[in-house]
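Participant: Have a look at this one before I ask anything.
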Amino acid sequence: MYISKFMAPEIIFGKGSLNQVGDCCSRLGSSRVFLVADKGVIRHGWVEKALPFLEEAGLDYEIWSGFSSNPRDYEVEEGARIYGDCGCDAVLAIGGGSAIDAAKAVATLSTNEGRIQDYEGIDLIKNPLPPLIVVPSTAGSGSEVSQFSIIADSERKIKMTIISKSLVPDISITDPLILSTIDSRVTAQTGMEALSHAIEAYLSLAATDMTDLHALHAIELISRHLRASVASQVNEEAKVAMGQASLHAGIAFSNAALGLAHAMTHQVGGLLDLPIGMISAVILPHVMRFNMLASIDKYVRIAASMGAQVEQMPPREAAEKAIEMVRELAQDLGIPSGLAELGLPEEVLPQLSENAIKDACFITNPRDAEVSDIIEIFRSAL
């Protein structure tokens, strides 16, 4: 018998829902909160807006922002030390994927010994984590509902994929008002990251009927609203839709996992220290073309979800249309056309490909691949 599991946190969604943070932390038993926030969220005043809600709930707090846009191993280890020294008993993250990934890593090390490298892979976290509450500031990472944390290994210069049911937050709070302060460049990159999550989750070997529902709805929402969200910071309809899309894509990939595009993206991101969303947007169409052999019927559904009229198209033509529509969306949003434009030299491709095939995300890719295949995909994406 085939057995599948489906995990999701308690989800609170709506304009002004930031006011729920104090109550959420309190009912999970916290008295002193470790508040993880990126500098952009602090600069735009969202942490300042959140603090009165913690104070109203009678909670003390420690604010920590000592991590990079791509959180590093030594940064989260220092964060865990501060967490312990301050006597905190819950983790609250307000920010983008970097803040949430860092918060998950800090929570892991607060109750589990060793280095964060010890938990790279699948289900290696043994001890329960402290309560974890997250408030995303971008519509893309999906980390607010997922069992993933991505942390850079500073010595190996790769991004480690940590996957554990323990990393699913207890409560996820999405306030679309926060999304209105994100600039167009970040909106584009994180939106394409959400699309990559949804497409890879839909094509994953671990996909189920339930994850497919979330993935396809995310693809539809992103295709309809991402351009408008990038065009205007104050388009409320687009921000609400993209907040929903990030949630749906996050739920999909948390339960179905991902594929080769993310396995490759992590290697480039670890080397060049660039935003994951921008890298995955460049790589995704090329991996889609490679994987099409395994899932042509699913590609037809992707094209339909993106708005293509596929009824009269042969399946191969409709599948090709899906790839082209992904490429066109990235182009419209100003995503670079190739990895060389991002500064990736060709001589590193063999090593990146060797690393990619070891990445946990590759396990659920729908088509088998050798290192030589991945090198060729990288070359096509240059």
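Every number here is computed from the coordinates shown, using simple stated rules; none is lab data. Just so you know, these numbers come straight off a predicted model, no measurement behind them. All Cβ positions, glycine included, derive from the backbone under ideal geometry; neighbour counts span all protein chains shown.
Participant: Quickly estimate the mean residue ellipticity at 222 nm for the chain, helices only: each DSSP H run with n ≥ 4 gives -39500 (n - 2.57), and the total goes over all residues, rounded to 500. Walk me through the numbers before you get to the answer.
Facilitator: On the way: 15 runs with 195 residues, N = 382.
Using -39500 (n - 2.57) per qualifying helix, the result is -16000 deg cm²/dmol.
Participant: Checking the cross-link filter: which aspartates and glutamates have an alpha carbon closer than 14 Å to that of Lys126, excluding same-chain neighbours under 8 positions apart?
Facilitator: Glu113, Asp118
Participant: Go through 339-351, 82-94 and give me the packing order, highest mean Cβ count within 10 Å leading. Can you show the working numbers first?
Facilitator: On the way: 339-351: 15.0, 82-94: 21.4.
Peptide ranking by packing, descending: 82-94, 339-351.
Participant: Among Ala263, Ala139, Ala249, determine the one that fluctuates most according to a GNM of the chain built with springs between C-alpha atoms less than 10 Å apart.
Facilitator: Per the Cα network of the chain with a 10 Å cutoff, Ala263 tops the list.
Participant: Whole number please: convex hull volume per residue of the Cα set in segment 10-179, in Å³? Each step should come with its number before you reach the end.
Facilitator: Details: hull volume 16.1 nm³, N = 170.
Convex hull of Cα atoms, per residue: 95 Å³.
Participant: What percent antiparallel are the DSSP beta bridges of the chain, to the nearest 5?
Facilitator: Numbers: 6 of 30 bridges.
Counting DSSP beta bridges with both partners in the chain, the antiparallel share is about 20 percent.
Participant: A further question on this structure: Once you've got the Cα coordinates, tell me which of Lys5/Lys39; Lys39/Lys159; Lys39/Lys298 are over 32 Å apart. Kindly include the intermediate steps, with their values, before the conclusion.
Facilitator: Numbers: Lys5/Lys39 36 Å; Lys39/Lys159 21 Å; Lys39/Lys298 40 Å.
The pairs that break the limit, which is 32 Å between Cα atoms, are Lys5/Lys39; Lys39/Lys298.
Participant: Rounded to the nearest 0.05, what FRET efficiency do Arg316 and Lys165 give with R0 = 30 Å and r taken as the Cβ-Cβ distance? Could you check?
Facilitator: On the way: r = 39 Å, r/R0 = 1.29.
Taking R0 as 30 Å, the efficiency between Arg316 and Lys165 is 0.20.
Participant: If we count other beta carbons within 10 Å of each Cβ, what is the order of Leu179, Leu260, Leu205, fewest first?
Facilitator: With the sparsest Cβ surroundings first, the list reads Leu205, Leu179, Leu260.
Participant: Let me ask something else about it. Hey, what do the phi angles of segment 40-53 turn into as Karplus ³J(HN,Hα) couplings, whole Hz, using 6.51/-1.76/1.60 and θ = phi - 60°, x for Gly and Pro?
Facilitator: x, 5, 5, 4, 7, x, 6, 5, 4, 6, 7, 4, x, 5
Participant: Add +1 for every Lys or Arg and -1 for every Asp or Glu among the other residues with Cβ under 12 Å from the Cβ of Gly114, and state the total.
Facilitator: Numbers: positive: Arg115, Lys126; negative: Asp73, Glu77, Glu113, Asp118, Glu120.
Its environment carries a net charge of -3.
Participant: Would you mind listing how long segment 184-381 runs along its three principal axes, going by Cα atoms, in whole Å with the largest first?
Facilitator: Computed over the Cα atoms, the extents are 44, 35, 30 Å.
Participant: So which of Lys104/Lys157; Lys15/Lys239; Lys104/Lys239 end up more than 22 Å apart, counting from Cα to Cα?
Facilitator: Numbers: Lys104/Lys157 20 Å; Lys15/Lys239 10 Å; Lys104/Lys239 25 Å.
Those over the limit are Lys104/Lys239.
Participant: Sticking with this structure for a sec: For a quick protection proxy, order the peptides 14-25, 271-282 by their average other-Cβ count within 10 Å, most packed first. Please list the in-between numbers first.
Facilitator: Numbers: 14-25: 18.7, 271-282: 23.6.
With the highest mean Cβ count within 10 Å placed first, the list reads 271-282, 14-25.
Participant: How do 158-169, 106-117 rank on mean C-beta neighbours within 10 Å, highest first? Please list the in-between numbers first.
Facilitator: On the way: 158-169: 22.2, 106-117: 19.9.
Going from most to least packed, we get 158-169, 106-117.
Participant: Over the chain, calculate the relative contact order: mean separation of alpha carbon pairs under 8 Å at least 6 apart, over the residue count, as a percent. Kindly include the intermediate steps, with their values, before the conclusion.
Facilitator: Details: 793 pairs, mean separation 59.8, N = 382.
After rounding, I find 16 percent.
Participant: Work out from phi, with θ = phi - 60° and the Karplus expression 6.51 cos²θ - 1.76 cosθ + 1.60, the ³J(HN,Hα) of each residue of segment 274-289, listed in order in whole Hz, and give x for Gly and Pro.
Facilitator: My calculation for segment 274-289 gives 10, x, 4, x, 5, 5, 5, 5, 6, 7, 3, x, 6, 5, 4, 5 Hz in order.
Participant: Can you work out ³J(HN,Hα) from phi for every residue in segment 361-371, in order, using Karplus 6.51 cos²θ - 1.76 cosθ + 1.60 and θ = phi - 60°, giving whole Hz and x for Gly and Pro?
Facilitator: After applying 6.51 cos²θ - 1.76 cosθ + 1.60, I find 5, 5, 4, 9, 5, x, 10, 4, 8, 9, 4 Hz.
Participant: Name the residues of segment 105-140 whose amide N is less than 13 Å from a point 7 angstrom out from the Cα of Arg185 along the C-beta direction?
Facilitator: Correct set: none at all.
Participant: Can I ask one more? Of Val47, Gly84, Gln20, which is farthest towards the positive pole of the chain's charge dipole, taken about the Cα centre with +1 and -1 on the beta-carbons of Lys, Arg and Asp, Glu respectively?
Facilitator: About the Cα centre, the residue reaching furthest to the positive side is Gln20.
Participant: Here is a further query. Rounded to the nearest 0.05, what FRET efficiency do Arg32 and Glu113 have when you use their Cβ-Cβ distance and R0 = 25 Å?
Facilitator: Working: r = 22 Å, r/R0 = 0.88.
Between Arg32 and Glu113 the formula returns 0.70.
Participant: Could you list the square roots of 5 times each eigenvalue of the Cα gyration tensor of the chain, that is, the equivalent ellipsoid semi-axes, sorted largest first and rounded to whole Å?
Facilitator: Working: eigenvalues 209, 106, 70 Å².
Working through the eigenvalues yields semi-axes of 32, 23, 19 Å.
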